[in-house]
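The values are calculated or read from the model by the stated rules, or taken from the named source; none is laboratory data. Bear in mind the structure is a predicted one, so any value in this text is a computation, not a measurement. Here Cβ is always computed from backbone atoms with ideal geometry, including for glycine, and neighbour counts include all displayed protein chains. Quick note on the areas: whole protein, heavy atoms, side chains included, nothing else; ligands and nucleic acids left out. Shrake-Rupley method; radii C 1.70, N 1.55, O 1.52, S 1.80 Å.
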Amino acid sequence: FFAIVTAGIWALFVSLCRVTLRDEARPLAIGLLVMVAGAGALGGWGPRLQLFTILWALAVVRLVYGHLVAGERRGIWLLPLVMIAWANTHLGSVLLAYPLIAGLAVGDMITRRRLPDREFLAATGLSVLAPVLNPYSVAAFTYPFHTILSSTLQTLIQEWQSPNFQQPAMRGLQLVLVGLLLILPFGSPRLGLPALLVSSGLLLMTLQSARYAGPFALISTALLAPALVEGARVWLARLGYRPTPFRRVAQLALCAIAALVLTWQLAVVGSRLTSSDSQTALTAQTEPVAAVDALRPLLTAQPSVRVFTEYQWGGYVNRATGVEVGLIASEALSDTALLDGVATLFLSHDPGPYLDEHQIGLVLVQPSTPLRFWLDSAPGWREVYADSIAVAFARVSP
């Protein structure tokens with residue numbers, strides 16, 4: 001399924017590159033742009049709902065840019081449908097569409113010194129309201145602010161933090177940023193204001209939160225394509241490069257070899273990631289696998305027990321046991337409740353009342369978590385399991 005989504009992403013990317021490059025949209029140029037965008041988006045790639053953000057953001061930019069700059073008239077009426085699809089596939093990022101539309105529209109107005117036409121205003125007006133057509137209605141406009149403004153969630157969830165360029169997955173984005181700084185100044189005469197506004201905004205969002213690396217890499221690369229191509233041409237000319245038939249053949253050969261090597265590397269990495277043995281070993285290093293296996297008889301005997309565990313373990317423990325589990329063992333994960341759960345883990349307050357209020361029957365935490373040391377001597381609790389990864393305490397019946 002996500003392979004189909006990924007194919008849609010690259011189809012939209014190539015289509016946008018063709019619109020921005022126009023007569024210069026040659027296969028070799030587009031192929032190199034695909035490699036640049038793919039490297040920059042590497043940190044956020046994978047079979048996850050975040051791909052819908054990239055897909056629909058590209059669709060929005062493709063429709064709006066095509067209407068304002070390329071003069072396409074009918075496509076803009078698809079914009080409300082894209083917004084409805086976005087709100088029903090990845091609601092938390094749907095508001096990203098509005099700064100994208102605004103950046104392109106404002107840049108076009110300043111460049112052309114004229115207001116958008118009625119078709120654009122009507123289609124975007126409908127698009128503003130379209131996201132309410134989802135099971136949560138107006139939550140399309142409120143939920144994203146809850147997650148964006150939640151300092152607790154941004155602290156706990158790695159992809160909502162600033163990019164960590166020490167991670168190998170972020171090396172591609174790092175190289176792309178350096179490449180843009182080197183090439184764009186030489187292609188500045190072809191740097192359009194709409195592309196500059198949108199790319200600058202996405203870069204700011206990416207430096208604030210790594211989750212926007214994918215939209216930034218693909219959208220900015222496509223919008224900046226004319227300036228990138230011109231900048232690369234200037235660089236090659238200054239290096240003394242002159243295109244000849246032989247060199248063009250050599251270029252294609254090198255690109256083919258590079259594509260084969262890249263495909264081979266991805267196949268090797270993919271086989272390792274999808275290998276059941278490799279996945280089992282990785283899971284055992286990061287999740288409380290042995291602890292869950294040891295606690296399974298207890299959980300089976302008490303199917304209604306509520307489990308309090310580390311935030312990052314909640315998904316695994318829930319899938320492995322089927323019991324209600326999470327940082328707070330609650331049906332609704334609000335910001336306030338999450339703060340209380342974190343405070344309990346780190347002993348910022350007396351954890352006893354919290355564990356009693358939520359009727360926690362089993363606590364599963366890391367050995368170094370402060371709550372573990374409180375449970376060591378707390379009345380009514382006993383240690384039922386311990387290893388180098390996890391320690392478990394069960395409530396003792398009076």
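How many residues does the stretch 300-321 hold that are surrounded by 18 or more Cβ atoms within 10 Å (Cβ to Cβ), outside any helix (DSSP H, G or I) and of a type outside the set (D, E, K, R)?
Looking only at that region, the number is 4.
Does the stretch 367-393 hold any residues that are open to solvent by less than 50 Å² (accessible area, probe 1.4 Å) and among the aromatic types (Phe, Trp, Tyr), and which are they?
381, 385, 393
Looking only at the stretch 134-157, how many residues end up being among the hydroxyl-bearing types (Ser, Thr, Tyr), modelled with pLDDT of 70 or more and open to solvent by less than 90 Å² (accessible area, probe 1.4 Å)?
Residues in the stretch 134-157 being among the hydroxyl-bearing types (Ser, Thr, Tyr), modelled with pLDDT of 70 or more and open to solvent by less than 90 Å² (accessible area, probe 1.4 Å): 2 in total.
Quick check on this structure: which one of 171, 112 is open to solvent by 80 Å² or more (accessible area, probe 1.4 Å), modelled with pLDDT of 85 or more, closer than 28 Å to residue 39 by Cβ and not polar (S, T, N, Q)?
On the way: 112 fails: closer than 28 Å to residue 39 by Cβ.
The conditions single out 171.
Do we have residue 99 as modelled with pLDDT of 95 or more and under 18 Å from the mean Cα position of the chain (by Cα) here? Walk me through it before giving the result.
Values: modelled with pLDDT of 95 or more: yes; under 18 Å from the mean Cα position of the chain (by Cα): yes.
It is true that residue 99 is modelled with pLDDT of 95 or more and under 18 Å from the mean Cα position of the chain (by Cα).
Which residues, taken from the stretch 86-97, are hydrophobic (A, V, I, L, M, F, W, C), open to solvent by less than 20 Å² (accessible area, probe 1.4 Å) and without any contact (Cβ under 8 Å) to a residue 60 or more places away in the chain?
Scanning the stretch 86-97 gives 86, 87, 94, 97.
How do the pairs read when you match residues in the stretch 98-118 that are farther than 22 Å from residue 84 by Cβ with residues anywhere that are open to solvent by 90 Å² or more (accessible area, probe 1.4 Å) and hydrophobic (A, V, I, L, M, F, W, C), using Cβ under 8 Å and keeping only pairs 6 or more apart or on different chains?
109/115
Cβ-Cβ under 7 Å, sequence separation 6+ or interchain: first residue in the stretch 245-258 and open to solvent by less than 90 Å² (accessible area, probe 1.4 Å), partner modelled with pLDDT of 75 or more. Which pairs?
From residues that are open to solvent by less than 90 Å² (accessible area, probe 1.4 Å), the pairs are 251/28; 255/28; 255/31.
Given 232, 210, 217, which one is open to solvent by less than 10 Å² (accessible area, probe 1.4 Å) and either at pLDDT below 95 or at negative phi (or both)?
Going through 232, 210, 217 in turn, the sole match is 217.
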